C-alpha cells in the first residue's frame, strides 16, 4: 500500500499578514481591528494559547514566536501589532502602565499622518478602545528602553496586586470563578456599551435604550448572585459590572444600592478605583460635591471637574484608592476626548 505523504504547511509570517492586511485596510483603526481579529483567529487555530509565566516573557518574546504560539497576553499582542504596523510604515509607541484588571498592562499609540496626531489603542479589548481606567506610566519605542523598570515591576508584582486588591489572574479568572456564564454575559454587555459610546463620538448614534436594558439585566443578576465580585465572576467581569452600573444614571437609586453592596465587600473582592468612581457618580447625580474628582463637564470649551468636596486634599484621597493625580486625569481627558 502506498504511504500517504504528510504535508507540512508553512507557518504564517506576520510580515506576509501585514502585506495582506495593508492592502485591505487603509484606515488605521480598521487595520488595527483586523490585526486583532487575525491574532485571535490564529490563536483559536493553534488550539491552546501559550500563557507567559512572567511579564518579562510577555514583553520580550519575539513577535513572530508569540504569533506562532497563539499568545494572547497584552505584551505579546502589542508586539505583534506593532511589528505589523511598523512594517507598513506607521509610527508606533509602546505604552507600559496599569489597567482595571492588571498592575502591568501594555497597549500602543499610533501616529496618524492624516490627522497629524497620536491615538492610543488597547488591542486586548474589543474595539481596541483604551478605557479611562488604563493608566499609562511610560511610552517608549522599544521595551528594551525600560527593561530595568520592567524587571523591577516584576519583582514587586505580588505586592502591587495586594495593594490594589487584585488576585492572581489564574485564580480569579479560572480557578475561583463561581459564575463563568454570567461573567461572559456581563463582559458582552460591557462590550456593547462601549461600542455604542465609541460610535456615538463619530455619528451621534446614542442609544438610551441600551443603558436601560443593561440596567434591568444587572438588577436580575444582582438579585440572583449578589454583587458580581471578583471571586464570583472574575476581575474583568466585576469591573464590567461596575461600568454598567456607572452608566445607569437614569436610576440613581439602583446606583446607590450597588455602591452600598460594593462598599460592604472585602477589599480583595472589588477594585477600590471602581468604588471611588461610583461614589462620585452617585454624589453628582444627587447634586452633591464629589469626593475624588472623577466626574467632568465642559465649560467654555474646557474639561472641568464637577464640584469637589475639600479640593485641596483631593489628590491624597485619589492616591488612597489607586487613582493618579487630578492634573494627570485632566490631561488624559483632553487626549481621549479632544475638544473641537
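Can you confirm whether segment 196-206 contains a residue that is under 22 Å from residue 276 (Cβ atoms) and modelled with pLDDT of 90 or more?
no
For every residue, the table says whether it meets (1) closer than 14 Å to residue 77 by Cβ; (2) modelled with pLDDT of 85 or more.
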site: 101; (1), (2): no, no
site: 109; (1), (2): no, yes
site: 116; (1), (2): no, yes
site: 123; (1), (2): yes, yes
site: 128; (1), (2): yes, yes
site: 131; (1), (2): no, yes
site: 134; (1), (2): no, yes
site: 140; (1), (2): no, yes
site: 146; (1), (2): no, yes
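Of everything in segment 312-327 that's part of a helix (DSSP H, G or I) and touching a strand residue (DSSP E or B) at 6+ places or on another chain (Cβ under 8 Å), which residue is nearest to residue 298 (Cα to Cα)? Spell out the reasoning first.
Quick first cut of segment 312-327, residues part of a helix (DSSP H, G or I) only: 312-320, 326-327.
Cutting the leftovers down to touching a strand residue (DSSP E or B) at 6+ places or on another chain (Cβ under 8 Å) gives us 314, 326.
On the way: 314: 20, 326: 16 Å.
So the residue we want is 326.
If we scan segment 160-168, do we find a residue that is without any contact (Cβ under 8 Å) to a residue 24 or more places away in the chain, closer than 15 Å to residue 101 by Cβ and part of a loop (DSSP other than H, G, I, E, B)?
yes
Only residues that are part of a strand (DSSP E or B) and over 23 Å from residue 269 (Cα atoms): list them for segment 125-159, please.
Passing the criteria: 136, 137, 138, 139, 140.
Restricting to segment 297-311, count the residues that are part of a loop (DSSP other than H, G, I, E, B), in contact with a helix residue (DSSP H, G or I) (Cβ under 9 Å, 6 or more places away or on another chain) and more than 14 Å from residue 277 (Cα to Cα). So that I can check it myself, show each step before the final result.
Kept after step one, since they are part of a loop (DSSP other than H, G, I, E, B), are these residues of segment 297-311: 300-301, 306-307, 309-310.
Then keep just the ones that are in contact with a helix residue (DSSP H, G or I) (Cβ under 9 Å, 6 or more places away or on another chain); that gives 306-307, 309-310.
Next, only the ones that are more than 14 Å from residue 277 (Cα to Cα) stay: 307, 309-310.
Total satisfying the criteria: 3.
So residue 333 clears everything in (1) more than 20 Å from residue 136 (Cα to Cα); (2) modelled with pLDDT under 85 except one condition, right? Which one?
(1)
Given the conditions (1) closer than 21 Å to residue 194 by Cα; (2) assigned to a helix (DSSP H, G or I); (3) under 20 Å from the mean Cα position of the chain (by Cα); (4) free of Cβ contacts under 8 Å to residues at least 60 places away in the same chain, and given that residue 294 satisfies all but one, which numbered condition is not satisfied?
Among (1) closer than 21 Å to residue 194 by Cα; (2) assigned to a helix (DSSP H, G or I); (3) under 20 Å from the mean Cα position of the chain (by Cα); (4) free of Cβ contacts under 8 Å to residues at least 60 places away in the same chain, residue 294 violates only (2).
Quick one: is residue 271 closer than 29 Å to residue 161 by Cβ, in the same structural domain as residue 239 (by TED's automatic domain parsing) and buried (at least 19 other Cβ atoms within 10 Å of the Cβ)?
Answer is yes for this residue.
What number of residues within segment 62-106 satisfy the criterion of being free of Cβ contacts under 8 Å to residues at least 40 places away in the same chain, closer than 15 Å to residue 39 by Cα and not in a helix (DSSP H, G or I)?
5
Suppose we filter 182, 222 for residues that are part of a helix (DSSP H, G or I) and within 23 Å of the chain's Cα centre (by Cα); which single one remains?
Result: 182 is the single residue among 182, 222 that is part of a helix (DSSP H, G or I) and within 23 Å of the chain's Cα centre (by Cα).
Could we say that residue 332 is farther than 27 Å from residue 182 by Cα, in contact with a helix residue (DSSP H, G or I) (Cβ under 7 Å, 6 or more places away or on another chain) and in a helix (DSSP H, G or I) here? Explain how you work it out, then say what you get.
On the way: farther than 27 Å from residue 182 by Cα: yes; in contact with a helix residue (DSSP H, G or I) (Cβ under 7 Å, 6 or more places away or on another chain): no; in a helix (DSSP H, G or I): yes.
Spelling it out, it is not the case that residue 332 is farther than 27 Å from residue 182 by Cα, in contact with a helix residue (DSSP H, G or I) (Cβ under 7 Å, 6 or more places away or on another chain) and in a helix (DSSP H, G or I).
Only one of these conditions is not met by residue 249: (1) crowded, with 22+ Cβ neighbours inside 10 Å; (2) outside any helix (DSSP H, G or I). Which number is it?
With respect to (1) crowded, with 22+ Cβ neighbours inside 10 Å; (2) outside any helix (DSSP H, G or I), residue 249 is out only on (1).
Name the single residue that is farthest from residue 31 (Cα to Cα) among those in segment 109-124 being under 12 Å from the mean Cα position of the chain (by Cα) and part of a strand (DSSP E or B).
120
When segment 298-311 is examined, which residues are found to be in contact with a strand residue (DSSP E or B) (Cβ under 9 Å, 6 or more places away or on another chain) and modelled with pLDDT under 90?
Of everything in segment 298-311, those that are in contact with a strand residue (DSSP E or B) (Cβ under 9 Å, 6 or more places away or on another chain) and modelled with pLDDT under 90 turn out to be 298, 303.
Name every residue in segment 310-340 that is more than 24 Å from the chain's Cα centre (by Cα) and either surrounded by 15 or more Cβ atoms within 10 Å (Cβ to Cβ) or under 23 Å from residue 98 (Cα atoms) (or both), in order of residue number.
314, 316
The values are calculated or read from the model by the stated rules, or taken from the named source; none is laboratory data. Because the structure is a prediction, the values reported are computed rather than measured. Counting neighbours? That spans all protein chains shown, and the Cβs are built from the backbone with ideal geometry, glycine included.
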